[in-house]
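Take a look at the structure set out below.
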Amino acid sequence: MSSPASNRPGRTYTARTFPVTPPIYQSTTFELDDRAYEDIQGTGGLHETWYSRFSNPTVQAAADAIAQLEHAEHGMMTASGMAAIATSLMTLLRTGDTVVASRQVYGDTDDLLERDLPRLGVEVVRVDAWDTEAWTRAIAEHQPAVVYGETLSNPQLRLLDIPPVAETAHAVGASLIIDNTFATPRCARPLELGADVVINSATKFLGGHSDVVAGVVCVNGTPLHEEIQRRMITFGGCLDPHAAYLVWRGVQTFPVRLQEACRSAAAIADIMVDEPGVAAVVYPGRDDHPDAKDVVPQVMPDEHGAMVTLVLEGGDERALQVIRRLEVATEATSLGGVETLASLPFNSSHFNMTPEARLEAHILPGMLRLSIGLEGEDRIVADLRQALDAVDG
């Protein structure tokens, strides 16, 4: 005989067999039972599904899919990449602590480091991402609680040598947080190289279709997972179930999308290096990349990402004229979609920095950042050439 609960609207719409794709559990709350009560009383409700700000099956499906890519034991989805970054830092830092961080980070991460953390009594020390000796000196001198960097810097596309930085950080008891968004878990796995926390903006390559904003935190070990999860819950940075489904769906095609984008990016970099009006091409897969000999084989050994940075002659003014004449690539912020996106740091990702601060971060005038999509290298190169010719012609 059916219980009264089973006759309530919606209770009978669960399939007897497992679905091929995860359902979108667009529900704020779930029925409480003895297991849920035990979890609430024991851990604060971290391990059972009972309220979607704490946990949601669709959200967890996306987190688990990305954790598998990162070879991590645990994944946690957040409402954006910045939510993942801020939540992780706020979990591991206290008033009076020091964080040693890369000078070359995403613009809003830079705001968090320079504007917000000092107001909370956290000292911030900056070093160039690729200067391993500077990391070692700063960590030894300042004894930080956290060390923070990006696998691949934006837009310089320089690599952080993760293993020695991780070893130095751990020697003083610091946790190493790595933003792996640009490199992606296909090209680099920071946890395997010594990182404690790995962050991705799932808005980018993991989602892959420029239709969802999300972030993800991946860690090993239950205690660290629970600590970050508690802050995600109290700060309210949970991801919506429908957005989580879009991320999960994007992850299903992530390997083939990125493989093609990496192939095109490598070809475009090789072609554009000889193009008139292009002062320099930065791509980690090229032999002339400054980190090619020592760091690339260790951090990004097989594939080298879908980001290409061009330095155009004539500085930012000429670069702006070129980008406005592109017809295949779209001038837009963000990256990692199926379409090629082009942006200029001075008026997009790093607009909040003065020209002097950009130079100090090695963001050169005329830098044009390309996120390579799936149009094919022939169409993208032809588009770049016609834009360059239109400006110079």
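Coordinate-derived values only; no laboratory data. Since the structure is predicted, the reported quantities are computational estimates derived from the model, not experimental observations. When we count neighbours, we look across all protein chains shown, and the Cβ atoms used for this are built from the backbone with ideal geometry, even at glycine.
As I understand it, the value is the acute angle between the Cα axis of helix 162-171 and the longest principal axis of the Cα atoms of the chain; what does it come to in degrees, rounded to 10?
60
How far is it, in nm, from the label point at residue 53 to the one at residue 71 when both lie 7 Å from their Cα along the line to the Cβ?
Distance between label points: 3.7 nm.
Report the gain in length on full extension from residue 17 to residue 333: 0.36 nm times residue separation, minus Cα-Cα distance, nm rounded to one decimal.
Working: separation 316, 0.36 × 316 = 113.76 nm, distance 4.25 nm.
Here the answer is 109.5 nm.
Give me the dipole magnitude in Debye, nearest 20, for the stretch 248-294 about the Cα centre, with unit charges on the beta carbon: positive for Lys and Arg, negative for Asp and Glu. It would help to have the intermediate numbers written out before the result.
Working: 5 positive and 8 negative charges, 83 e Å.
Magnitude of the dipole: close to 400 debye.
Quick one: P(r) of the stretch 47-182 from all Cα-Cα pairs, 5 Å bins, percents rounded to integers, in order of increasing distance.
Computed distribution, short to long bins: 2, 10, 19, 21, 19, 14, 9, 5, 2, 0.
What distance in nm separates the simple spin-label points at residue 321 and residue 375, each placed 7 Å from Cα in the Cβ direction?
Simple spin-label model gives 2.1 nm for this pair.
Using +1 on the beta carbon of Lys and Arg, -1 on that of Asp and Glu, and nothing else charged, what's the dipole of the chain about the Cα centre, debye to 20?
Numbers: 29 positive and 54 negative charges, 238 e Å.
For the chain, the charge dipole is close to 1140 debye.
Select from 173, 41, 121 the residue farthest towards the positive end of the dipole of the stretch 21-249; place +1 on Cβ of Lys and Arg, -1 on Cβ of Asp and Glu, and compute about the Cα centre.
Of the options given, the answer is 121.
Please report the Cα spread of the stretch 244-307 along all three principal axes, rounded to whole Å, starting with the longest.
Over the stretch 244-307, Cα extents along the principal axes are 43, 29, 16 Å.
How much length, in nm to one decimal, is gained on full extension between residue 33 and residue 256, taken as 0.36 nm per residue of separation minus their Cα-Cα distance?
Details: separation 223, 0.36 × 223 = 80.28 nm, distance 4.19 nm.
Difference between extended and current length: 76.1 nm.
Go ahead and estimate [θ] at 222 nm for the chain from helices alone: -39,500 (n - 2.57) per DSSP H run with n ≥ 4, summed, over the residue count, rounded to 500.
Details: 14 runs with 150 residues, N = 393.
Helix-only estimate at 222 nm: -11500 deg cm²/dmol.
Which one, 13, 245, 51, has the greatest fluctuation when you compute a Gaussian network model over the chain with C-alpha springs under 10 angstrom?
Of the options given, 13 has the highest mean-square fluctuation.
Can you tell which of 144, 216, 188 lies farthest toward the positive end of the dipole of the stretch 119-253, using +1 and -1 charges on the Cβ of basic and acidic side chains (Lys, Arg; Asp, Glu)?
Sorting the options by dipole projection puts first 216.
Could you work out Rg/(2.2 N^0.38 Å) for the stretch 21-249, with Rg from alpha carbons only? Walk me through the intermediate numbers first.
On the way: Rg = 17.4 Å, N = 229, 2.2 N^0.38 = 17.3 Å.
So the stretch 21-249 has a normalised radius of gyration of 1.00.
If you project the alpha carbons of the stretch 268-393 onto their three principal axes, what span does each projection cover, largest first, in Å?
Principal axes ranked by extent give 41, 36, 27 Å for the Cα atoms.
With the cut-off at 1.5 for a/c, could you classify the stretch 99-151 from its C-alpha gyration tensor as rounded, prolate or oblate?
Values: a/c = 2.57, a/b = 1.24, b/c = 2.07.
Oblate.
Please report the Cα spread of the stretch 199-300 along all three principal axes, rounded to whole Å, starting with the longest.
53, 31, 24
Would you please state the base-10 log of I(q)/I(0) at q = 0.16 1/Å for the stretch 133-176, with intensities from the Debye formula using one equal scatterer on every alpha carbon?
Normalising to I(0) and taking log10 leaves -0.39.
Based on a Kirkwood Rh over C-alpha pairs, give the Stokes-Einstein translational diffusion coefficient of the chain at 20 °C and viscosity 1.002 mPa s in µm²/s. Walk me through the numbers before you get to the answer.
On the way: Rh = 22.0 Å.
Result for D is 97 µm²/s.
Compute the long axis of helix 81-92 from its Cα atoms, compare it with the longest principal axis of the Cα atoms of the chain, and write down the angle in degrees, 0 to 90, nearest 10.
That helix lies at roughly 70 degrees to the long axis.
May I ask for the Kirkwood hydrodynamic radius of the stretch 213-259, worked out over all distinct Cα pairs and given in angstroms to one decimal?
Details: mean 1/r = 0.0802 Å⁻¹.
12.5 Å is the Kirkwood radius here.
Classify the stretch 334-393 as rounded, prolate or oblate from the Cα gyration tensor: take a ≥ b ≥ c as the square roots of its eigenvalues, call it rounded if a/c is under 1.5, otherwise prolate when a/b beats b/c and oblate if not. Walk me through the numbers before you get to the answer.
Working: a/c = 3.16, a/b = 1.56, b/c = 2.03.
Verdict is oblate for the stretch 334-393.
State to the nearest 20 debye the size of the charge dipole of the stretch 21-249 about its Cα centre, where the only charges are +1 on K and R beta carbons and -1 on D and E beta carbons.
On the way: 15 positive and 30 negative charges, 82 e Å.
Around 400 debye, computed over the stretch 21-249.
Does anyone have the angle between helix 132-142 and the longest principal axis of the chain? Alpha-carbon axes, 0 to 90°, nearest 10?
50
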